[in-house]
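The values are calculated or read from the model by the stated rules, or taken from the named source; none is laboratory data. This one's a predicted model, so the numbers in the text were calculated from it and none came from an experiment. Positions of Cβ are generated from backbone atoms using ideal geometry, with glycine treated the same way; all protein chains shown enter the neighbour counts. These accessible areas exclude ligands, DNA and RNA; they are computed on the full protein's heavy atoms, side chains included. Shrake-Rupley method; radii C 1.70, N 1.55, O 1.52, S 1.80 Å.
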Amino acid sequence: MVSPAIALAFLPLLLTLIIRYRYYFVLFYRAVLVRLWKDCVTGLSREERAFQYVLTHATPGDPDSILEAFDIWCTKLEFISNIGPKKGEILDRLLMQQSPLTILELGTHCGYSTVRLARALPLGARIYSVEMDQRNAIIAEKIIRLAGFDEDTVELIVNPSDEVIPRLRSDYGIDRLDFVFMDHWKKCYLPDLQVPRIHL
């Protein structure tokens, strides 16, 4: 058994580590511990809880309101990975500069980035958003439609990206992509870029 004096000697080291790596401790607390506890208590997944919050705090048909509610939920209530407002502004600027008509999004997750992309598109543009997780796709579909975007603007494809990309021309009639937004599994980035595909 460790004596109290020895334990007390390690206290400054422990405090230093907690202060130095506080971001990781907070992230672990919010992303893992809070999530597991709320999963058990509510019986809902984190993504379903995010949708419930957006549904009750955002204005249907208003993409800005949807994004704002989602940002509040992510920063103040629970942690969920999304591009957020700061990176989102960079994405907004790119879309304004490029004015793409055909967008491929890899990794829909809850639909946050899809809504952000769709609200900045010119008239007649279309997003093909790929999500491999069926449960996330169900939530994303609800959020995208709640924001006011129909299937003519956003088509959600539920399949792994490496299966979808080679069939973009044959299954979806896409001859050209003007913009690709990759926000799925990082290990898939390089393989997906190497898959034979249509003209970018």
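Quick notes on this structure:
- Reciprocal of mean inverse Cα separation for region 2-108 (Kirkwood radius, Å): 17.3
- Taking every alpha-carbon pair under 8 Å whose residues sit at least 6 apart, the chain reaches a relative contact order of 18 percent.
- Surface analysis of the chain yields an accessible area of 60 Å² per residue, using protein heavy atoms and a 1.4 Å probe.
- Helical runs (DSSP H, four residues minimum) scored at -39500 (n - 2.57) apiece and divided by the length of the chain put the mean residue ellipticity at 222 nm at -14500 deg cm²/dmol.
- With 0.36 nm allotted per residue and the present C-alpha distance subtracted, the Glu89-Leu44 stretch has 13.1 nm of extension available.
- If you plug the beta carbon distance of Leu33 and Thr59 into 1/(1 + (r/R0)^6) with R0 = 35 Å, you get a FRET efficiency near 0.60.
- GluC sites (Glu not before Pro), loop per DSSP, at most 16 other Cβ atoms within 10 Å - longest free stretch of the chain: 1-77
- Positive-end extreme of charge dipole, the chain - chosen from Ala69, Phe79, Leu44 (charges on Cβ): Phe79
- Extended-chain gain in nm, criterion 0.36 nm per residue less alpha-carbon gap, Gln52 and Met182: 44.2 nm
- Ordering Thr102, Phe25, Trp185 by the projection of their Cα atoms onto the charge dipole of the chain, which places +1 on the Cβ of Lys and Arg and -1 on the Cβ of Asp and Glu, puts Phe25 at the extreme positive end.
- Spin-label model, Gln134/Asp171: points 7 Å from Cα along the beta carbon direction are separated by 1.5 nm.
- For the chain, size of Cβ-based charge dipole, Lys and Arg +1, Asp and Glu -1, in debye: 880
- Furthest towards positive pole of dipole, Ile138, Val115, Ser161, structure part region 84-188, Cβ charges: Val115
- Square roots of 5 times each gyration tensor eigenvalue, C-alpha, the chain, largest first, Å: 38, 20, 16
- Accessible surface ranking that places the most exposed of Cys110, Cys188, Cys40 first, with a 1.4 angstrom probe: Cys40, Cys188, Cys110
- Stretch in the chain that is longest and holds no chymotrypsin sites (Phe, Trp or Tyr not before Pro) that DSSP places in a loop and that have at most 16 other beta carbons within 10 Å: 22-184
- Heavy-atom accessible area ranking, 1.4 Å probe, most first, across Leu33, Leu121: Leu33, Leu121
- Of the accessible area of the chain, computed with a 1.4 Å probe over protein heavy atoms only, carbon and sulfur atoms account for 61 percent.
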